[in-house]
Amino acid sequence: MRENPKDRSQESSVRLAAALTAAVDHRWPVVPGTVLCGGRCSCGDADCVVPGAHPHDPSLLAATTDARMVRWWWERQSPDAPLLAATGSAVSAVSLPAVAGARALVYLSALRLPLGPVLAMPGRYALLVAPYSLDALGEMLAQLPWVPGSLRYHGPGGFLPLPPGGAAVGAPSAGGWGRVRWVLPPRPSAGGGVWLPQVGPLLGELVEATVRLDSGRSAY
């Protein structure tokens, strides 16, 4: 199937708009990610372990909220690149398998615990939270009886894909991250940016949901 240049142009416009929204409105540092080109990662490493699903040029350290830089990246340098948010300084997250994530959202809503933005990635849900330090996270996890390995933490030095996700260049199918969507979209906070919950009140319930999926039993 031949790629339609008009469709590709529209997708590039959507990516630029999403990048500007994340950087300027949400105040999250962003950076372009790699893409799949003919089944290979654009980073050029033939043995890349996460092809089309990581930052490369520029590096994650270049992530910014500057609108001029964001425009240059997605208008001139990398119009097909997926949008990545650097985690740790302005936003963090905890992710878990999608089935467990959907279950956890239902339970957390029933408890009336306020939730922030929630991302759906292929096979996983990510709950976005206020920034946390690795030391603080370690202390919270140490208080739990058991923590499943399928739970992942996106804090200092990490990154998350944001909608619309990635697509393979020169191929009709999605590649790299695949499509990414909001399950719960970002909500503005009173002081600007996005309202994000603290990770502590959510952590135990996310662990419990993941444990039940992994083993069919409760951790408590």
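The values are calculated or read from the model by the stated rules, or taken from the named source; none is laboratory data. Since we're looking at a predicted model, the values are computed, not measured. Every residue, glycine among them, receives a Cβ derived from its backbone with ideal geometry; neighbour counts consider all protein chains shown. Areas reflect the complete protein model, heavy atoms only, side chains present, ligands, DNA and RNA absent. Shrake-Rupley method; radii C 1.70, N 1.55, O 1.52, S 1.80 Å.
For every residue, the table says whether it meets (1) among the hydroxyl-bearing types (Ser, Thr, Tyr); (2) modelled with pLDDT of 90 or more; (3) more than 26 Å from LEU84 (Cα to Cα).
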position: PRO97; (1), (2), (3): no, yes, no
position: GLY101; (1), (2), (3): no, yes, no
position: LEU105; (1), (2), (3): no, yes, no
position: GLY116; (1), (2), (3): no, yes, no
position: ARG124; (1), (2), (3): no, yes, no
position: VAL129; (1), (2), (3): no, yes, no
position: ASP135; (1), (2), (3): no, yes, no
position: MET140; (1), (2), (3): no, yes, yes
position: TRP146; (1), (2), (3): no, no, yes
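Listed here are the residues, each with its yes/no results for (1) outside any helix (DSSP H, G or I); (2) open to solvent by less than 30 Å² (accessible area, probe 1.4 Å).
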| position | (1), (2) |
| --- | --- |
| SER12 | no, yes |
| ALA18 | no, yes |
| THR21 | no, no |
| VAL31 | yes, yes |
| VAL50 | yes, no |
| SER89 | yes, no |
| SER95 | yes, yes |
| ALA102 | no, no |
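Checked against (1) among the acidic types (Asp, Glu); (2) free of Cβ contacts under 8 Å to residues at least 12 places away in the same chain; (3) in a helix (DSSP H, G or I), ASP45 meets all criteria but (3).
Screening ALA120 against (1) of a type outside the set (S, T, N, Q); (2) modelled with pLDDT of 85 or more; (3) open to solvent by less than 20 Å² (accessible area, probe 1.4 Å); (4) assigned to a helix (DSSP H, G or I) leaves a single unmet condition, (4). Open to solvent by 20 Å² or more (accessible area, probe 1.4 Å) and of a type outside the set (Gly, Ala, Ser), is that true of LEU113? Yes; evaluated as a whole, the condition is true for this residue. Residues that are on the phi > 0 side of the Ramachandran plot, open to solvent by 30 Å² or more (accessible area, probe 1.4 Å), at pLDDT below 95 and out of contact with any Pro (no Cβ under 9 Å at 6 or more places or on another chain) occur in region 162-178; there is at least one. ASP80 falls short of the stated requirement of being surrounded by 14 or more Cβ atoms within 10 Å (Cβ to Cβ) and at pLDDT 95 or above.
Among residues of region 179-194 being buried (at least 18 other Cβ atoms within 10 Å of the Cβ) and in a loop (DSSP other than H, G, I, E, B), the one that is modelled with the lowest pLDDT is VAL180. Every listed requirement among (1) in a loop (DSSP other than H, G, I, E, B); (2) out of contact with any strand residue (DSSP E or B) (no Cβ under 6 Å at 6 or more places or on another chain); (3) at negative phi; (4) at pLDDT 95 or above is met by ARG27 save one, (3). For region 46-75, residues that are out of contact with any Lys or Arg (no Cβ under 8 Å at 6 or more places or on another chain) and among the polar types (S, T, N, Q) total 2.
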